[in-house]
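Report on the following structure.
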Amino acid sequence: MTEDRRERLGKLGEPIDPLKASAFLETNVLTTQCRSCWARYLCGGPCFGDAFFSFGDYATPHALTCQQKKFRLQSAAYVLDKLSEKEHTS
């Protein structure tokens with residue numbers, strides 16, 4: 001079984017592939033589909049590993065991963081809101 005390591009930017013002791021490094025460095029929440037998401041600054045954008053192994057690039061977020069992150073963020077906000085309400089009524 002061969003190991004698929006297309007995501008590698010280079011190897012120790014060897015120069016980094018400038019094209020791969022550029023693609024990686026230019027990927028962020030403002031250059032991907034994430035720019036229109038309400039949670040873009042809370043989750044940090046697509047998990048690069050998930051995106052690369054699912055779609056072959058760093059910029060395409062995985063829909064299920066996004067749904068899970070948003071659900072966790074909404075749940076955390078709900079819990080914090082309830083705790084805050086409880087503090088103010090005590």
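Quick note: the coordinates plus some simple rules give every number you see, no bench work behind them. Just so it is clear, the model here is predicted, and its values are computed rather than measured. Note that we place each Cβ from the backbone using ideal geometry, even for glycine, and neighbour counts take in every protein chain shown.
Round to the nearest 10 and give me the degree value, 0 to 90, for the angle of helix 63-89's Cα axis relative to the longest principal axis of the chain. Taking the Cα atoms of the chain, the angle to 63-89 is about 30 degrees.
Taking only the Cα atoms of the chain, the ratio Rg/Rh comes out at 1.18, with Rh defined as the Kirkwood radius. Modelled spin labels at Arg40 and Lys11, positioned 7 Å past Cα toward Cβ, are 3.8 nm from each other.
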